[in-house]
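Data block below; observations after.
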Amino acid sequence: MILNKIFPLIMVLCTAGCSVSPRPTTIPAQDAPIRWVGRTLASEQGVEFDWSGTYADILFEGSRLEICLSDTGCNYFNLTVDNEEQPKFQTRGDSMSIVLFDDKTSTEGRHHIRIQKATEGEQGQLTLHSLTVNGRLLDASALKRPRHIEYYGDSLTAGYGTESLSNNETFSIKTENCRYTYATYMARYFDADYNLVAFSGRGMVRNYDDKNPVSDPEQTMSHKALKYFSTGNSPLWDFARSPYRPDAVVIMLSTNDFSTEPHPLREVFEERYRRFITTIREKYRSPELPILCVVHSPHAVEFVREMIDGMEHTAMADVSANVYNNTSDLGASFHPNRHGQMKMAQIIIPAMEQLTQWQQINPIDGMDLLPAEKSK
């Protein structure tokens, strides 16, 4: 079993190298043939990123792989080794070393490692400094999937509470995991790469519990979504030089705009939303880019429906009511857990199929067990 081959994750302070294993080769992250999916920024220190869901594909031949990274906060990562999911690992602090693979019997074997930031940007910004391999790194670009979907959203897209089993629980980074969101289920269904631009509590016009009907524009997702990083004084994302070009975009913003009062005026919300759609298409220089607007707030359903009426290559999916139950489908702070998220995906996927004419590539474990209609 591959699980028996994985060396226990070890976190130690990096010194001059990051590894003391025999016959090591250390490569700066910015020079390594890693396939990054998500918004990253290469610097002299390494490769920086913070958005939830950002992942790195690493191919190598050899017996051991170790990474050195820093975290301004505390995050969890998903780890996959040769297509088998492994336990998450935690990151915190400066210059920590993490052994991702150690199998002394596998000197000639080729291995695929994927690491993915499971928690969202406000939990900390990461810098991957280097990789140390007993063997050699290979070009991972061939792992690119046939399609790419870009998602813009809030806590529902970031994975708040997806690993939680009770709505009585409060938020915890231990139970936040983007791996179990409608977005990642959907990407697997269509065999697509994906990137998430999502921030809990943020809206298109108004953030959660703001005392004003319109929040500071720079603090809303309509502005943050254009940045390299979700927090801090981040530069604007260079769409023109993006290493990926989405074949479709999903926008799931409105929940926080209308979650508490005062609500934004309809015309203000619609104008900002319409401008955001236009901006994304202009940034990617693709006027025909398919955009699916997913609405979770019942207050916004008719607003969005009428706003996109007549817009070409634009559609809506309604997950505002009667999608998941109020017990086993909910996790922390009444957010849908992985079961509730899968039920949302069951509604969103057909809308994307109709918009794009895409067809299913991969089955999603458990989705076939859900009822065909919306769950009561």
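The values are calculated or read from the model by the stated rules, or taken from the named source; none is laboratory data. Because the structure is predicted, anything quoted here is derived from the model rather than measured. So basically every Cβ, Gly included, is an ideal-geometry build from the backbone, and we count neighbours across all protein chains shown. For the accessible areas, the whole protein counts, side chains as well, though only heavy atoms, and no ligand, DNA or RNA atoms are used. Shrake-Rupley method; radii C 1.70, N 1.55, O 1.52, S 1.80 Å.
Points worth noting:
- Some residue of region 5-20 being at pLDDT 75 or above, open to solvent by less than 20 Å² (accessible area, probe 1.4 Å) and either outside any strand (DSSP E or B) or under 19 Å from residue 102 (Cα atoms) (or both): no
- Pairs where the first residue, in region 214-230, is farther than 20 Å from residue 53 by Cα and the second is not aliphatic (A, V, I, L, M), C-beta under 7 Å, 6+ apart: 214/206; 214/264; 215/206; 215/207; 217/223; 219/207
- Within region 275-284, being open to solvent by 90 Å² or more (accessible area, probe 1.4 Å) and either touching a residue at least 24 places away in the same chain (Cβ under 8 Å) or within 28 Å of residue 335 (Cα to Cα) (or both) holds for one residue alone: 275.
- Just one residue in the set 304, 295, 268 is surrounded by 15 or more Cβ atoms within 10 Å (Cβ to Cβ), touching a Phe, Trp or Tyr at 6+ places or on another chain (Cβ under 8 Å) and either among the acidic types (Asp, Glu) or closer than 29 Å to residue 214 by Cα (or both); that residue is 304.
- Criterion (at pLDDT below 95 and not acidic (Asp, Glu)) met by exactly one of 153, 135: 135
- For region 337-371, residues that are in contact with an Asp or Glu (Cβ under 6 Å, 6 or more places away or on another chain) and open to solvent by less than 20 Å² (accessible area, probe 1.4 Å) total 1.
- So residue 222, is it over 25 Å from residue 86 (Cα atoms), among the polar types (S, T, N, Q), outside any strand (DSSP E or B) and under 14 Å from the mean Cα position of the chain (by Cα): no
- Some residue of region 65-80 being aliphatic (A, V, I, L, M), out of contact with any Leu (no Cβ under 9 Å at 6 or more places or on another chain) and surrounded by fewer than 22 Cβ atoms within 10 Å (Cβ to Cβ): no
- Residue pairs meeting the criteria (Cβ under 9 Å; at least 6 apart or on separate chains; first under 18 Å from residue 288 (Cβ atoms) and of a type outside the set (Lys, Arg), in region 344-362; second open to solvent by 60 Å² or more (accessible area, probe 1.4 Å) and assigned to a loop (DSSP other than H, G, I, E, B)): 353/359; 353/360; 355/313; 356/247; 358/247
- Residue match in region 155-172 (condition: within 27 Å of residue 330 (Cβ to Cβ), buried (at least 21 other Cβ atoms within 10 Å of the Cβ) and out of contact with any Ser or Thr (no Cβ under 9 Å at 6 or more places or on another chain)): no
- Matching residues, region 254-265, being crowded, with 22+ Cβ neighbours inside 10 Å and either among the charged types (D, E, K, R) or farther than 16 Å from residue 211 by Cβ (or both): 254, 255, 257
- Number of residues in region 106-115 that are at pLDDT 95 or above and either among the acidic types (Asp, Glu) or open to solvent by less than 10 Å² (accessible area, probe 1.4 Å) (or both) equals 2.
- Strands (runs of 3 or more DSSP E) wholly inside region 23-95 containing at least 3 residues that are of a type outside the set (Lys, Arg): 25-28, 41-43, 46-49, 55-81
- Restricting the first member to region 172-198 and to residues that are within 18 Å of residue 115 (Cβ to Cβ), and the second to residues that are open to solvent by 10 Å² or more (accessible area, probe 1.4 Å) and acidic (Asp, Glu), the beta-carbon pairs closer than 9 Å and six or more apart or on different chains are 174/163; 176/163; 177/163; 179/85; 179/163; 180/163.
- Every condition in (1) touching a residue at least 24 places away in the same chain (Cβ under 8 Å); (2) within 22 Å of residue 201 (Cα to Cα); (3) open to solvent by 10 Å² or more (accessible area, probe 1.4 Å) holds for residue 251 except the one numbered (3).
- Residue 2, sole failed condition from (1) under 27 Å from residue 183 (Cβ atoms); (2) among the β-branched types (Val, Ile, Thr); (3) at pLDDT 95 or above: (3)
- The residues of region 259-269 that are part of a helix (DSSP H, G or I), touching a helix residue (DSSP H, G or I) at 6+ places or on another chain (Cβ under 8 Å) and within 23 Å of residue 155 (Cβ to Cβ) amount to a single one, 269.
- Residues (open to solvent by less than 10 Å² (accessible area, probe 1.4 Å) and closer than 25 Å to residue 183 by Cβ) located in region 117-147: 117, 118, 119, 120, 121, 124, 126, 128, 140
- Of all residues in region 302-317 being outside any helix (DSSP H, G or I) and either among the charged types (D, E, K, R) or touching a His at 6+ places or on another chain (Cβ under 6 Å) (or both), the one that is farthest from residue 356 (Cα to Cα): 309
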